[in-house]
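Read the structure below first, then the notes.
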Amino acid sequence: MTIAATGASGDPKSAAGRDCAALANAVTSQAAGSSAVFVRSYEPGEGESSLPAGLATSAFVYDNALAAIALVACGDVSRAVLIGNALSRAVRSDRTFADGRVRNAYRAGPVGEAGPLLPGWWDNRQKIWAEDAAQDGSSTGNAGWVILALLTLHQATGEAAFMADADRLMNWVTANVSTGSGFRGGFHGYDSQSVPLTWISTEHNADIHAAAAWLYRLTGKAGHAEAASQARRFLDRAFAGDHFLLGTKPDGSLADPKMLALDVQLWPWMAIPDAPAKWRSALDFAARHLAAGDGFDFNGDRDGMWVEGTAQAALAYRIAGNPQRSEQLLTMLEADRTPSGLLNATRTARISTGLSIDPTKPVADLFYFKRPHLGATAWAALAATAWNPFTGRKVE
(Lines give C-alpha, C1' and ligand atoms only; values in the text may rest on other atoms or scores of the structure.)
Protein backbone atom coordinates (compact mmCIF):
# COMPACT_ATOMS: atom_id res chain seq x y z
CA MET A 1 0.00 0.00 0.00
CA THR A 2 1.57 3.28 -1.13
CA ILE A 3 0.03 6.72 -1.30
CA ALA A 4 1.75 9.45 -3.29
CA ALA A 5 5.06 10.52 -1.82
CA THR A 6 3.81 14.10 -1.72
CA GLY A 7 2.23 13.18 1.61
CA ALA A 8 -1.02 12.09 3.16
CA SER A 9 -2.75 15.18 1.80
CA GLY A 10 -1.40 14.58 -1.68
CA ASP A 11 -0.70 18.33 -1.90
CA PRO A 12 2.96 19.06 -2.66
CA LYS A 13 2.40 22.69 -1.66
CA SER A 14 1.43 21.81 1.91
CA ALA A 15 3.94 21.49 4.73
CA ALA A 16 3.07 17.81 5.04
CA GLY A 17 3.52 17.35 1.31
CA ARG A 18 6.94 18.98 1.30
CA ASP A 19 8.16 17.05 4.35
CA CYS A 20 6.83 13.74 3.05
CA ALA A 21 8.34 14.28 -0.39
CA ALA A 22 11.73 15.10 1.12
CA LEU A 23 11.71 11.89 3.18
CA ALA A 24 10.59 9.85 0.18
CA ASN A 25 13.35 11.30 -2.00
CA ALA A 26 15.97 10.59 0.66
CA VAL A 27 14.94 6.93 0.80
CA THR A 28 14.70 6.45 -2.97
CA SER A 29 18.02 8.13 -3.68
CA GLN A 30 19.92 5.90 -1.25
CA ALA A 31 18.06 2.60 -1.57
CA ALA A 32 19.47 1.94 -5.07
CA GLY A 33 16.63 -0.48 -5.78
CA SER A 34 17.33 -2.67 -2.75
CA SER A 35 14.73 -4.05 -0.33
CA ALA A 36 16.36 -2.45 2.73
CA VAL A 37 18.14 0.84 3.32
CA PHE A 38 19.57 3.01 6.04
CA VAL A 39 19.32 6.69 5.12
CA ARG A 40 22.20 9.04 5.89
CA SER A 41 21.21 11.38 8.72
CA TYR A 42 22.81 14.56 7.39
CA GLU A 43 23.69 16.23 4.13
CA PRO A 44 26.46 18.81 3.71
CA GLY A 45 25.38 22.25 4.81
CA GLU A 46 25.52 25.43 2.79
CA GLY A 47 29.14 26.11 1.88
CA GLU A 48 30.25 22.54 2.64
CA SER A 49 31.46 20.28 -0.16
CA SER A 50 31.28 17.20 2.04
CA LEU A 51 30.40 16.05 5.55
CA PRO A 52 33.00 15.53 8.27
CA ALA A 53 34.41 12.00 8.18
CA GLY A 54 32.54 11.03 11.33
CA LEU A 55 29.18 11.78 9.70
CA ALA A 56 29.78 11.03 6.03
CA THR A 57 28.54 7.42 6.19
CA SER A 58 26.40 7.61 9.33
CA ALA A 59 22.73 6.67 9.43
CA PHE A 60 21.60 7.11 13.03
CA VAL A 61 18.94 4.58 14.02
CA TYR A 62 16.92 7.24 15.82
CA ASP A 63 16.66 9.34 12.66
CA ASN A 64 15.83 6.30 10.55
CA ALA A 65 13.21 5.02 12.98
CA LEU A 66 11.60 8.47 12.97
CA ALA A 67 11.68 8.60 9.17
CA ALA A 68 9.99 5.19 8.92
CA ILE A 69 7.21 6.27 11.29
CA ALA A 70 6.80 9.59 9.48
CA LEU A 71 6.55 7.87 6.10
CA VAL A 72 3.74 5.70 7.47
CA ALA A 73 2.05 8.89 8.66
CA CYS A 74 2.53 10.26 5.14
CA GLY A 75 0.80 7.22 3.68
CA ASP A 76 4.04 6.09 2.02
CA VAL A 77 4.23 2.63 3.56
CA SER A 78 6.34 1.05 0.83
CA ARG A 79 9.27 3.39 1.46
CA ALA A 80 8.81 3.08 5.22
CA VAL A 81 9.17 -0.69 4.82
CA LEU A 82 12.58 -0.26 3.17
CA ILE A 83 13.87 1.37 6.36
CA GLY A 84 11.93 -1.12 8.49
CA ASN A 85 13.62 -4.03 6.72
CA ALA A 86 17.00 -2.51 7.54
CA LEU A 87 16.01 -2.09 11.19
CA SER A 88 14.83 -5.70 11.34
CA ARG A 89 18.08 -6.96 9.83
CA ALA A 90 19.99 -4.93 12.42
CA VAL A 91 18.06 -6.62 15.25
CA ARG A 92 18.69 -10.08 13.78
CA SER A 93 22.30 -9.71 12.71
CA ASP A 94 25.29 -7.98 14.29
CA ARG A 95 28.98 -8.44 13.55
CA THR A 96 29.75 -9.23 17.21
CA PHE A 97 26.60 -9.70 19.30
CA ALA A 98 23.80 -12.25 18.99
CA ASP A 99 21.51 -10.80 21.65
CA GLY A 100 19.16 -8.64 19.56
CA ARG A 101 20.62 -5.22 20.37
CA VAL A 102 20.87 -2.40 17.84
CA ARG A 103 23.72 0.07 17.43
CA ASN A 104 23.31 3.82 17.57
CA ALA A 105 24.25 4.17 13.90
CA TYR A 106 24.81 2.05 10.81
CA ARG A 107 26.44 2.65 7.47
CA ALA A 108 24.12 4.51 5.14
CA GLY A 109 22.96 2.82 1.97
CA PRO A 110 21.48 -0.53 0.89
CA VAL A 111 21.48 -3.31 3.52
CA GLY A 112 21.96 -6.92 2.44
CA GLU A 113 20.44 -10.04 3.96
CA ALA A 114 23.60 -10.56 6.01
CA GLY A 115 22.85 -7.43 8.00
CA PRO A 116 24.10 -3.83 8.14
CA LEU A 117 27.65 -2.56 8.38
CA LEU A 118 28.76 0.04 10.90
CA PRO A 119 29.77 3.55 9.83
CA GLY A 120 33.39 4.57 9.65
CA TRP A 121 36.12 6.16 7.56
CA TRP A 122 39.70 5.61 6.45
CA ASP A 123 42.10 7.56 8.64
CA ASN A 124 44.90 8.30 6.22
CA ARG A 125 47.18 9.70 8.91
CA GLN A 126 47.07 6.57 11.07
CA LYS A 127 46.47 4.22 8.12
CA ILE A 128 43.56 2.53 9.88
CA TRP A 129 39.81 2.08 9.45
CA ALA A 130 38.29 4.33 12.10
CA GLU A 131 34.93 4.11 13.81
CA ASP A 132 33.12 6.27 16.35
CA ALA A 133 32.72 4.74 19.81
CA ALA A 134 29.40 6.50 20.44
CA GLN A 135 27.95 5.39 17.11
CA ASP A 136 29.05 1.81 17.73
CA GLY A 137 27.34 1.81 21.15
CA SER A 138 23.74 0.95 22.00
CA SER A 139 21.51 3.60 23.57
CA THR A 140 18.38 2.52 25.41
CA GLY A 141 16.39 5.40 23.95
CA ASN A 142 17.43 4.46 20.42
CA ALA A 143 16.29 0.90 21.06
CA GLY A 144 12.93 2.27 22.15
CA TRP A 145 12.55 4.22 18.92
CA VAL A 146 13.46 1.21 16.78
CA ILE A 147 10.77 -0.78 18.61
CA LEU A 148 8.22 1.98 17.98
CA ALA A 149 9.12 2.03 14.28
CA LEU A 150 8.82 -1.75 13.96
CA LEU A 151 5.46 -1.75 15.72
CA THR A 152 4.23 1.08 13.50
CA LEU A 153 5.22 -0.99 10.47
CA HIS A 154 3.57 -4.10 11.89
CA GLN A 155 0.38 -2.09 12.34
CA ALA A 156 0.60 -0.72 8.79
CA THR A 157 1.47 -3.98 7.01
CA GLY A 158 0.36 -6.85 9.24
CA GLU A 159 3.82 -8.41 8.86
CA ALA A 160 4.48 -10.60 11.92
CA ALA A 161 8.25 -10.31 11.50
CA PHE A 162 8.21 -6.64 12.46
CA MET A 163 6.49 -7.41 15.76
CA ALA A 164 8.80 -10.38 16.41
CA ASP A 165 11.86 -8.20 15.95
CA ALA A 166 10.37 -5.51 18.20
CA ASP A 167 9.74 -8.16 20.84
CA ARG A 168 13.32 -9.44 20.60
CA LEU A 169 14.77 -5.96 20.98
CA MET A 170 12.59 -5.23 24.01
CA ASN A 171 13.78 -8.46 25.57
CA TRP A 172 17.35 -7.17 25.15
CA VAL A 173 16.38 -3.93 26.90
CA THR A 174 14.80 -5.66 29.89
CA ALA A 175 17.63 -8.18 30.19
CA ASN A 176 20.49 -5.69 29.95
CA VAL A 177 19.56 -2.19 31.15
CA SER A 178 16.78 -2.66 33.69
CA THR A 179 17.49 -1.56 37.27
CA GLY A 180 14.04 -2.33 38.65
CA SER A 181 13.45 1.39 39.14
CA GLY A 182 14.23 2.70 35.65
CA PHE A 183 16.22 1.78 32.56
CA ARG A 184 19.90 2.70 32.36
CA GLY A 185 21.44 4.59 29.44
CA GLY A 186 22.76 1.58 27.53
CA PHE A 187 26.32 0.77 26.44
CA HIS A 188 29.12 2.91 25.04
CA GLY A 189 32.14 1.86 23.03
CA TYR A 190 33.49 -0.59 20.52
CA ASP A 191 31.92 -4.06 20.60
CA SER A 192 33.53 -6.19 23.31
CA GLN A 193 35.15 -3.06 24.82
CA SER A 194 31.80 -1.37 25.44
CA VAL A 195 30.97 -0.26 28.97
CA PRO A 196 27.58 0.15 30.67
CA LEU A 197 26.12 3.61 31.15
CA THR A 198 24.78 3.64 34.69
CA TRP A 199 22.83 6.91 34.58
CA ILE A 200 19.10 6.87 33.83
CA SER A 201 17.51 9.17 31.25
CA THR A 202 13.97 10.51 31.57
CA GLU A 203 13.69 10.67 27.79
CA HIS A 204 14.81 7.04 27.41
CA ASN A 205 12.23 5.87 29.92
CA ALA A 206 9.46 7.70 28.08
CA ASP A 207 10.50 5.84 24.91
CA ILE A 208 10.62 2.48 26.66
CA HIS A 209 7.28 3.00 28.37
CA ALA A 210 5.57 3.67 25.04
CA ALA A 211 7.28 0.75 23.32
CA ALA A 212 6.68 -1.74 26.14
CA ALA A 213 3.05 -0.73 26.64
CA TRP A 214 2.39 -1.15 22.91
CA LEU A 215 4.04 -4.57 22.91
CA TYR A 216 2.02 -5.62 25.93
CA ARG A 217 -1.21 -4.68 24.18
CA LEU A 218 -0.21 -6.92 21.26
CA THR A 219 1.38 -9.86 23.08
CA GLY A 220 -0.04 -9.88 26.61
CA LYS A 221 3.43 -10.75 27.92
CA ALA A 222 3.82 -9.88 31.58
CA GLY A 223 7.44 -8.84 31.07
CA HIS A 224 6.40 -6.02 28.78
CA ALA A 225 3.77 -4.84 31.26
CA GLU A 226 6.40 -4.72 33.99
CA ALA A 227 8.82 -2.84 31.72
CA ALA A 228 6.15 -0.23 31.01
CA SER A 229 5.36 0.03 34.72
CA GLN A 230 9.03 0.38 35.67
CA ALA A 231 9.56 3.18 33.16
CA ARG A 232 6.41 4.92 34.36
CA ARG A 233 7.59 4.81 37.96
CA PHE A 234 10.80 6.52 36.95
CA LEU A 235 8.91 9.23 35.06
CA ASP A 236 6.87 9.89 38.19
CA ARG A 237 10.10 10.26 40.13
CA ALA A 238 11.58 12.64 37.53
CA PHE A 239 8.62 15.06 37.57
CA ALA A 240 9.49 18.11 39.66
CA GLY A 241 6.26 20.02 40.13
CA ASP A 242 5.97 21.71 36.73
CA HIS A 243 8.71 20.11 34.63
CA PHE A 244 10.85 17.00 34.23
CA LEU A 245 14.42 16.54 35.39
CA LEU A 246 16.94 15.14 32.92
CA GLY A 247 17.24 11.84 34.79
CA THR A 248 19.85 10.62 37.24
CA LYS A 249 23.59 10.83 37.67
CA PRO A 250 25.64 7.60 37.44
CA ASP A 251 25.29 7.13 41.22
CA GLY A 252 21.48 7.10 40.98
CA SER A 253 20.84 10.54 42.47
CA LEU A 254 18.66 12.91 40.46
CA ALA A 255 20.38 15.04 37.84
CA ASP A 256 21.32 18.68 38.34
CA PRO A 257 18.03 20.63 38.08
CA LYS A 258 19.80 23.30 36.01
CA MET A 259 20.34 20.71 33.24
CA LEU A 260 17.31 21.14 30.97
CA ALA A 261 16.35 19.52 27.67
CA LEU A 262 13.34 20.23 25.49
CA ASP A 263 12.45 16.64 24.57
CA VAL A 264 12.45 15.72 28.26
CA GLN A 265 9.65 18.27 28.80
CA LEU A 266 7.53 17.01 25.91
CA TRP A 267 7.89 13.28 25.41
CA PRO A 268 6.65 11.83 28.74
CA TRP A 269 3.10 13.15 28.41
CA MET A 270 3.08 12.72 24.63
CA ALA A 271 4.02 9.06 25.14
CA ILE A 272 1.46 8.22 27.83
CA PRO A 273 -2.17 8.92 26.90
CA ASP A 274 -3.34 8.67 30.52
CA ALA A 275 -0.47 10.70 31.99
CA PRO A 276 -1.43 13.06 34.84
CA ALA A 277 -2.80 16.36 33.56
CA LYS A 278 -0.16 18.22 35.58
CA TRP A 279 2.58 16.74 33.39
CA ARG A 280 1.44 19.00 30.57
CA SER A 281 2.63 21.99 32.60
CA ALA A 282 6.07 21.00 31.28
CA LEU A 283 5.05 22.49 27.91
CA ASP A 284 4.47 25.89 29.51
CA PHE A 285 7.73 25.45 31.42
CA ALA A 286 9.52 24.84 28.12
CA ALA A 287 7.95 27.96 26.61
CA ARG A 288 9.27 30.00 29.54
CA HIS A 289 12.73 28.49 29.87
CA LEU A 290 13.70 26.98 26.50
CA ALA A 291 12.27 29.40 23.92
CA ALA A 292 14.71 30.74 21.34
CA GLY A 293 13.56 33.25 18.76
CA ASP A 294 10.32 32.02 17.20
CA GLY A 295 10.96 28.44 18.32
CA PHE A 296 12.82 26.43 20.94
CA ASP A 297 16.40 25.68 21.89
CA PHE A 298 17.67 22.24 22.89
CA ASN A 299 18.55 23.42 26.40
CA GLY A 300 18.33 26.44 28.64
CA ASP A 301 21.21 28.50 27.28
CA ARG A 302 19.04 29.76 24.38
CA ASP A 303 21.99 30.01 22.00
CA GLY A 304 19.92 29.23 18.91
CA MET A 305 16.81 27.55 17.54
CA TRP A 306 16.78 23.74 17.38
CA VAL A 307 14.65 22.89 14.38
CA GLU A 308 14.00 19.27 15.33
CA GLY A 309 12.87 20.25 18.82
CA THR A 310 10.69 23.05 17.49
CA ALA A 311 8.96 20.49 15.25
CA GLN A 312 8.50 18.28 18.31
CA ALA A 313 6.89 21.23 20.07
CA ALA A 314 4.57 21.76 17.10
CA LEU A 315 3.25 18.23 17.57
CA ALA A 316 3.13 18.68 21.35
CA TYR A 317 0.92 21.76 20.99
CA ARG A 318 -1.37 19.81 18.66
CA ILE A 319 -1.68 17.03 21.25
CA ALA A 320 -2.26 19.63 23.97
CA GLY A 321 -5.19 21.06 22.04
CA ASN A 322 -3.57 24.20 20.63
CA PRO A 323 -3.53 23.65 16.84
CA GLN A 324 -3.05 27.37 16.20
CA ARG A 325 0.33 27.44 17.97
CA SER A 326 1.26 24.19 16.24
CA GLU A 327 0.56 25.70 12.83
CA GLN A 328 2.51 28.84 13.70
CA LEU A 329 5.61 26.80 14.46
CA LEU A 330 5.28 24.68 11.33
CA THR A 331 4.83 27.75 9.13
CA MET A 332 7.88 29.36 10.70
CA LEU A 333 10.00 26.24 9.97
CA GLU A 334 9.61 26.77 6.23
CA ALA A 335 12.51 29.21 6.56
CA ASP A 336 14.72 26.24 7.43
CA ARG A 337 13.95 24.16 4.34
CA THR A 338 16.92 23.43 2.06
CA PRO A 339 17.03 22.76 -1.70
CA SER A 340 16.81 18.99 -1.09
CA GLY A 341 13.56 19.50 0.81
CA LEU A 342 15.09 18.46 4.13
CA LEU A 343 15.05 20.92 7.02
CA ASN A 344 18.27 22.13 8.59
CA ALA A 345 19.01 20.83 12.07
CA THR A 346 19.46 24.38 13.38
CA ARG A 347 18.76 27.91 12.23
CA THR A 348 22.05 29.31 13.49
CA ALA A 349 25.44 27.86 12.58
CA ARG A 350 25.70 25.83 15.78
CA ILE A 351 23.85 25.24 19.03
CA SER A 352 25.00 23.52 22.20
CA THR A 353 23.21 20.77 24.10
CA GLY A 354 25.13 20.66 27.37
CA LEU A 355 25.64 16.92 26.74
CA SER A 356 28.68 14.81 25.82
CA ILE A 357 29.45 12.93 22.63
CA ASP A 358 31.12 10.36 24.87
CA PRO A 359 28.50 9.81 27.60
CA THR A 360 31.14 8.38 29.94
CA LYS A 361 32.91 11.76 30.14
CA PRO A 362 31.62 15.06 31.59
CA VAL A 363 32.57 17.17 28.57
CA ALA A 364 29.77 19.22 26.98
CA ASP A 365 30.95 18.74 23.40
CA LEU A 366 27.76 17.59 21.65
CA PHE A 367 26.54 20.24 19.22
CA TYR A 368 23.98 20.50 16.43
CA PHE A 369 24.98 22.25 13.22
CA LYS A 370 23.14 23.93 10.36
CA ARG A 371 22.97 20.94 8.04
CA PRO A 372 20.01 19.26 6.29
CA HIS A 373 18.76 16.67 8.77
CA LEU A 374 16.61 13.58 8.31
CA GLY A 375 15.38 13.60 11.92
CA ALA A 376 14.29 17.25 11.92
CA THR A 377 12.33 16.68 8.71
CA ALA A 378 10.70 13.53 10.09
CA TRP A 379 9.47 15.37 13.20
CA ALA A 380 8.08 18.15 11.01
CA ALA A 381 6.24 15.55 8.93
CA LEU A 382 4.80 14.00 12.10
CA ALA A 383 3.60 17.39 13.30
CA ALA A 384 2.16 18.34 9.90
CA THR A 385 0.27 15.04 9.64
CA ALA A 386 -0.75 15.19 13.35
CA TRP A 387 0.68 11.72 13.99
CA ASN A 388 1.78 10.68 17.48
CA PRO A 389 4.78 8.33 17.01
CA PHE A 390 4.44 6.98 20.55
CA THR A 391 0.93 5.65 20.03
CA GLY A 392 0.81 4.99 16.29
CA ARG A 393 -2.31 7.12 15.89
CA LYS A 394 -3.34 10.49 14.55
CA VAL A 395 -4.06 13.14 17.14
CA GLU A 396 -7.80 13.44 17.71
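The values are calculated or read from the model by the stated rules, or taken from the named source; none is laboratory data. What you see is a predicted model, and the numbers here were worked out from it, not measured in a lab. Virtual Cβ from ideal backbone geometry, glycine too; neighbours counted across all protein chains shown. All accessible areas refer to the heavy atoms of the entire protein, side chains included, with ligands and DNA or RNA removed. Shrake-Rupley method; radii C 1.70, N 1.55, O 1.52, S 1.80 Å.
How big is the chain by the Kirkwood estimate over distinct Cα pairs, in Å?
Working: mean 1/r = 0.0485 Å⁻¹.
With all distinct Cα pairs of the chain included, I get 20.6 Å.
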Exercise. Along the charge dipole of the chain, Cβ charges K/R +1 and D/E -1, which of Ile319, Ala212, Gln126 sits furthest on the positive end?
Worked result: Ala212
Exercise. Can you give the FRET efficiency for Ala287 and Ala164, using 1/(1 + (r/R0)^6), R0 = 45 Å, r = Cβ-Cβ distance, to the nearest 0.05?
Worked result: 0.60
For this session: With 10 Å bins from zero, work out the P(r) of segment 253-332 over every alpha carbon pair and list the percent per bin.
Result: 19, 53, 24, 3, 0
For this session: Work out the length of the dipole vector of the chain about its Cα centre, built from +1 on the beta-carbon of each Lys and Arg and -1 on the beta-carbon of each Asp and Glu, and round it to the nearest 20 debye.
Result: 300 debye
Exercise. Measuring from centroid to centroid over Cα atoms, what is the spacing of segment 236-267 and segment 277-299 in Å?
Worked result: 14 Å
Seminar exercise, completed: Note to self: with every protein chain in place and a 1.4 Å probe, the chain gives an accessible area per residue in Å² of 38 Å²
Exercise. If you build a Gaussian network model of the chain, linking Cα atoms that sit under 10 Å apart, which residue out of Gly137, Gly354, Gly247 swings the most?
Worked result: Gly354
Seminar exercise, completed: Check: C-alpha center segment 57-120 vs C-alpha center segment 319-396, spacing in Å is 20 Å
Problem set entry | Whether segment 237-396 is rounded, prolate or oblate, judged on the alpha carbon gyration tensor where a/c under 1.5 counts as rounded | oblate
Exercise. Across the chain, where is the longest run that never hits trypsin sites (Lys or Arg not before Pro) in a DSSP loop with at most 14 other C-beta atoms within 10 Å?
Worked result: 259-396
Exercise. Most mobile of Ser340, Ser35, Ser49 per a Gaussian network model of the chain (Cα springs, under 10 Å)?
Worked result: Ser49
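At a 1.4 Å probe radius, carbon and sulfur cover how many percent of the accessible area of segment 83-150?
Details: 1290 of 2520 Å².
Answer for segment 83-150 is 51 percent, counting heavy atoms of protein chains only.
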For this session: Could you check which residue among Gly293, Gly75, Gly45 shows the biggest mean-square fluctuation in a GNM of the chain with a 10 Å Cα cutoff?
Result: Gly293
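Which order do the peptides 173-181, 260-268 come out in when sorted by mean C-beta neighbours inside 10 angstrom, highest first?
Details: 173-181: 16.4, 260-268: 26.7.
In descending order of packing, they fall as 260-268, 173-181.
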For this session: Calculate one ³J(HN,Hα) per residue across segment 344-352 by plugging θ = phi - 60° into the Karplus curve 6.51 cos²θ - 1.76 cosθ + 1.60, and present them in order as whole Hz with x for glycine and proline.
Result: 5, 6, 9, 8, 8, 4, 7, 10, 8
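Roughly what percent of Cα-Cα pairs across segment 72-181 reach past 23 Å?
Everything past 23 Å amounts to 32 percent.
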Exercise. Can you list the lysines whose alpha carbon sits under 30 Å from that of Lys361, skipping same-chain ones fewer than 8 residues off?
Worked result: Lys127, Lys249, Lys258, Lys370
Problem set entry | Charged-residue dipole, Cβ positions (Lys, Arg, Asp, Glu), segment 305-369 about Cα centre, Debye nearest 20 | 80 debye
For this session: Starting from one equal scatterer on each C-alpha and no solvent at all, send me the Debye-based log10 I(q)/I(0) for segment 312-393 at q = 0.19 Å⁻¹, two decimals.
Result: -0.89
Exercise. Once you put a point 7 Å from the Cα of Lys361 and another 7 Å from the Cα of Glu334, both along the Cβ direction, what distance in nm separates them?
Worked result: 4.4 nm
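Using a 1.4 Å probe on the protein chains only, how many percent of the accessible area of segment 327-396 belongs to carbon and sulfur?
Working: 1660 of 2890 Å².
Answer for segment 327-396: carbon and sulfur cover 58 percent of the accessible area.
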Exercise. Taking all protein chains as present, what is the carbon and sulfur share of the accessible area of segment 10-70, in % to the nearest whole number, probe 1.4 Å?
Worked result: 54 percent
